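The values are calculated or read from the model by the stated rules, or taken from the named source; none is laboratory data. What you are looking at is a predicted structure, and each value in this text was computed from that prediction instead of being measured. Here the Cβ positions follow ideal geometry from the backbone for every residue, glycine too, while neighbour counts run over all protein chains shown. Note: areas computed on protein heavy atoms with side chains; ligands, DNA, RNA excluded. Shrake-Rupley method; radii C 1.70, N 1.55, O 1.52, S 1.80 Å.
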Amino acid sequence: MADTDAAKPLVIIGAGGTGGHMFPAAAFAEEMRARGWQVGLMSDGRGLHYAESFPADWKEEVRAASPNMRKPWTLPGAALKIWGGINSAASTMKRLKPSLVAGFGGYPAFPALSAAARRNVPILIHEQNAVLGRVNRRFASKAAIVASGFDRLDRLPGGAVHHAVGNPVRAPIAAKRDTPYPSTDGTLTIFITGGSQGAKILGDILPLAIANHTPPTLRARLKVVQQVREEQLEEVAAIYDKVKLRHELKPFFSDMPERLAAAHLIIARSGAGTVSEIAAVGRPSILIPLKIAMDDHQTANAEALVDAGAADVVLEDNLYPNLVGELIKVRLEDETDLKNRAALARVTGTVTAAIDLADLAEQVAKQRS
């Protein structure tokens, strides 16, 4: 059962069941605790799976569901789950009297935000993507402030108060912001990442692009560090081995800050967290938005880096080995351009978003008191 210290103000965080929601929420939580706040986390079982090291004074599992309109027979069960989660969250809020509820998106945040609206607790929303997600959109008009990870924020309801603060990044990422761009005199490192679950299409296409469509003189200097799904490891290794290209392949890299900082060029999906971390460290990139992302938000996320001249976007429909290989060649053979792109990426990035978001949170709580 959640417990609290009455001497300290309490913020309850509602966040969804992916790292993309949990990582920025955790950075915000850490900043709030440093300011003397107590932090509670509400999520469903899936969300709490990502929250083992989340810096909260307590964590509470609340029932949640994502209604699927294409399967109407599942709707009554989903409604019961959601209603139960809202009632549980409201009961906790009645007992603990939070000063603020902060929503970071995802359907598991719905019960906490609904309970806050029911009990008239001030709401702060943070949207990581450049398009407001469904849950955050639902509560944007009830929130005192809607903060966002990018200057662009599509689908924001009229009348909502919007502040662009950036996406809070993890402390180890922030610590790499002042790491100089790697020397281009010797080995050139390409880092390829597809997010927490990997991306099959990147494992299918990028090895062919690099191995077969870059010149031998460039390949001799390359090292590819690539996140590859377990079932693709042997096939991808064989492609690189055939042309004697140095490579390091893993299904998951636990040392992302070091990998990002060591890269001369990053090829990645354009999830909000990935884009924000690339910008915070300051590295040139080729971004491949997830085609099926809701509201095409990954293409919107990439816009800031592309407009700054720090990144290229290749849509999945254009992801051909010869095209991507030629683009990699053009980027890596111009060392001056690489360094300029790294500097431009860094200008778009921030490592103060957690601080700025905490300032807004305290502002909202103060207005209520």
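Pick out the one residue from Lys200, Lys176 that is surrounded by fewer than 24 Cβ atoms within 10 Å (Cβ to Cβ), within 30 Å of Leu338 (Cα to Cα), of a type in the set (Lys, Arg) and in contact (Cβ under 8 Å) with a residue 40 or more places away in the chain. Don't jump to the end; show me each part of the working.
Working: Lys200 fails: in contact (Cβ under 8 Å) with a residue 40 or more places away in the chain.
When all the criteria are applied, what remains is Lys176.
Out of Arg368, Arg341, Arg346, Arg283, I need the residue that is under 26 Å from Val165 (Cβ atoms), more than 15 Å from the chain's Cα centre (by Cα) and at pLDDT below 95. Which one? Steps first, answer last, please.
On the way: Arg341 fails: at pLDDT below 95; Arg346 fails: at pLDDT below 95; Arg283 fails: at pLDDT below 95.
One residue alone meets the criteria, Arg368.
Would you check if there is a residue in segment 302-316 being part of a helix (DSSP H, G or I), β-branched (Val, Ile, Thr), free of Cβ contacts under 8 Å to residues at least 60 places away in the same chain and surrounded by fewer than 22 Cβ atoms within 10 Å (Cβ to Cβ)?
Let us first name the residues in segment 302-316 that are part of a helix (DSSP H, G or I), namely 302-307, 316.
Going one step further and asking which of them are β-branched (Val, Ile, Thr), we end up with 306.
With the extra rule that they be free of Cβ contacts under 8 Å to residues at least 60 places away in the same chain, the set shrinks to 306.
Still in the running and surrounded by fewer than 22 Cβ atoms within 10 Å (Cβ to Cβ): 306.
Yes, some residue in segment 302-316 is part of a helix (DSSP H, G or I), β-branched (Val, Ile, Thr), free of Cβ contacts under 8 Å to residues at least 60 places away in the same chain and surrounded by fewer than 22 Cβ atoms within 10 Å (Cβ to Cβ).
Among the residues of segment 326-369, how many are under 30 Å from Lys97 (Cα atoms) and of a type in the set (Ser, Thr, Tyr)?
Here is the first cut: in segment 326-369, the ones under 30 Å from Lys97 (Cα atoms) are 352-369.
Right, trim to of a type in the set (Ser, Thr, Tyr) and you get 352, 369.
Number satisfying all stated conditions: 2.
List the number of the failed condition for Ser66; all other conditions in (1) open to solvent by 10 Å² or more (accessible area, probe 1.4 Å); (2) not in a loop (DSSP other than H, G, I, E, B) hold.
The single condition Ser66 does not satisfy is (2).
Assess whether Val224 counts as being crowded, with 21+ Cβ neighbours inside 10 Å, in contact (Cβ under 8 Å) with a residue 24 or more places away in the chain, of a type in the set (A, V, I, L, M, F, W, C) and in a loop (DSSP other than H, G, I, E, B).
Details: crowded, with 21+ Cβ neighbours inside 10 Å: yes; in contact (Cβ under 8 Å) with a residue 24 or more places away in the chain: yes; of a type in the set (A, V, I, L, M, F, W, C): yes; in a loop (DSSP other than H, G, I, E, B): no.
When the stated conditions are applied, Val224 does not pass them.
Residue by residue through segment 251-270, note down the ones that are open to solvent by 10 Å² or more (accessible area, probe 1.4 Å) and closer than 12 Å to Ala199 by Cα.
The answer is Pro251, Phe252, Arg269.
Going through segment 1-38 one residue at a time, which ones are under 14 Å from Gly103 (Cβ atoms) and among the β-branched types (Val, Ile, Thr)?
Listed by number, the residues that qualify are Val11, Ile12, Ile13.
Could you list all residues from segment 273-301 that are more than 21 Å from Asp178 (Cα to Cα), open to solvent by less than 10 Å² (accessible area, probe 1.4 Å) and in a helix (DSSP H, G or I)?
Keep residues of segment 273-301 that are more than 21 Å from Asp178 (Cα to Cα), which gives 286-301.
Checking the rest, the ones that are also open to solvent by less than 10 Å² (accessible area, probe 1.4 Å) come to 286-289, 300-301.
Across segment 273-301, the qualifying residues are Ala300, Asn301.
Restricting attention to segment 12-61, which residues are hydroxyl-bearing (Ser, Thr, Tyr), farther than 22 Å from Ile355 by Cα and open to solvent by 40 Å² or more (accessible area, probe 1.4 Å)? Quick ask: steps written out before the conclusion?
Of all residues in segment 12-61, those hydroxyl-bearing (Ser, Thr, Tyr) come to 18, 43, 50, 53.
Subset that is farther than 22 Å from Ile355 by Cα: 18, 43, 50.
Correct list: Thr18, Tyr50.
Exactly one condition in (1) at pLDDT 90 or above; (2) in a helix (DSSP H, G or I); (3) farther than 20 Å from Thr18 by Cα is false for Pro76; which is it?
Going through the list (1) at pLDDT 90 or above; (2) in a helix (DSSP H, G or I); (3) farther than 20 Å from Thr18 by Cα, Pro76 breaks only (1).
Name the residues in segment 235-255 that are β-branched (Val, Ile, Thr) and part of a loop (DSSP other than H, G, I, E, B), would you? Reasoning before the result, please.
Applying the first criterion (β-branched (Val, Ile, Thr)) to segment 235-255 yields 236, 239, 243.
Correct list: Val243 only.
Which residue pairs have Cβ atoms closer than 6 Å, lie 6 or more positions apart in sequence or on different chains, and pair a first residue in segment 342-354 that is touching a residue at least 24 places away in the same chain (Cβ under 8 Å) with a second residue that is of a type in the set (Ser, Thr, Tyr)?
What qualifies is Ala342/Tyr181.
If a residue has to be at negative phi and out of contact with any strand residue (DSSP E or B) (no Cβ under 6 Å at 6 or more places or on another chain) to count, how many in segment 263-302 make the cut? If you could, list the steps in order and put the result at the bottom.
Taking segment 263-302 as the starting set, the residues that turn out to be at negative phi are 263-281, 283-294, 297-302.
Now narrow it down to the ones that are out of contact with any strand residue (DSSP E or B) (no Cβ under 6 Å at 6 or more places or on another chain): 269, 271-273, 275-277, 279-281, 288-294, 298-299, 301.
Count: 20.
Quick one: which of His126, His163 is surrounded by fewer than 20 Cβ atoms within 10 Å (Cβ to Cβ) and at pLDDT 95 or above?
Numbers: His126 fails: surrounded by fewer than 20 Cβ atoms within 10 Å (Cβ to Cβ).
That would be His163, the only listed residue that is surrounded by fewer than 20 Cβ atoms within 10 Å (Cβ to Cβ) and at pLDDT 95 or above.
Buried (at least 24 other Cβ atoms within 10 Å of the Cβ), over 15 Å from Met22 (Cα atoms) and of a type in the set (Gly, Ala, Ser), is that true of Ala109? Give the steps one after another, and end with the answer.
Working: buried (at least 24 other Cβ atoms within 10 Å of the Cβ): yes; over 15 Å from Met22 (Cα atoms): no; of a type in the set (Gly, Ala, Ser): yes.
Criteria not met by Ala109.
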